[in-house]
Amino acid sequence: MDETTPAAETEPATPSTPPSAVKNRIRQLTTPWWRLLWLIGGVVWAVALNVIYVTTGATQEWLGIASVIPIAALLVDLLRVERLERAAEQKRKAKLKL
């Protein structure tokens, strides 16, 4: 084909956009309801313990560690869920290849 020949018209492809990573993470943090409650409670817990730590003259170092325990537990749960979802996706892909 030379440069004067028009290109073949094709239908515009509709891109299937994967879900946003941010939207996926927000969904994981807020569903089911107890996970959202755990997140809110963990943040309140961390703020409260940090306020106590600062107002007592920063003498009780264990408050800093105790303030992150609920959020750390939530993150461990999120990693567990993500690992299970990834394994299920790999199984689906393997099944489609067969």
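The values are calculated or read from the model by the stated rules, or taken from the named source; none is laboratory data. Fair warning: this is a prediction, and the values are worked out from it, not measured in the lab. The protein model used for the area step is the full one, side chains on, heavy atoms only, and it has no ligands, DNA or RNA in it. Shrake-Rupley method; radii C 1.70, N 1.55, O 1.52, S 1.80 Å.
Within this structure, residue 15 passes the test of being at pLDDT below 65, outside any helix (DSSP H, G or I) and within 25 Å of the chain's Cα centre (by Cα).
In the condition set (1) of a type outside the set (Val, Ile, Thr); (2) open to solvent by less than 90 Å² (accessible area, probe 1.4 Å); (3) at pLDDT 90 or above, residue 80 is compliant with all but (2). The residue of the range 33-56 that is modelled with the lowest pLDDT, among those that are closer than 11 Å to residue 68 by Cα and open to solvent by 60 Å² or more (accessible area, probe 1.4 Å), is 50. Consider the range 57-67 and keep the residues that are over 25 Å from the mean Cα position of the chain (by Cα) and not hydroxyl-bearing (Ser, Thr, Tyr). The one that is least open to solvent (accessible area, probe 1.4 Å) is 63.
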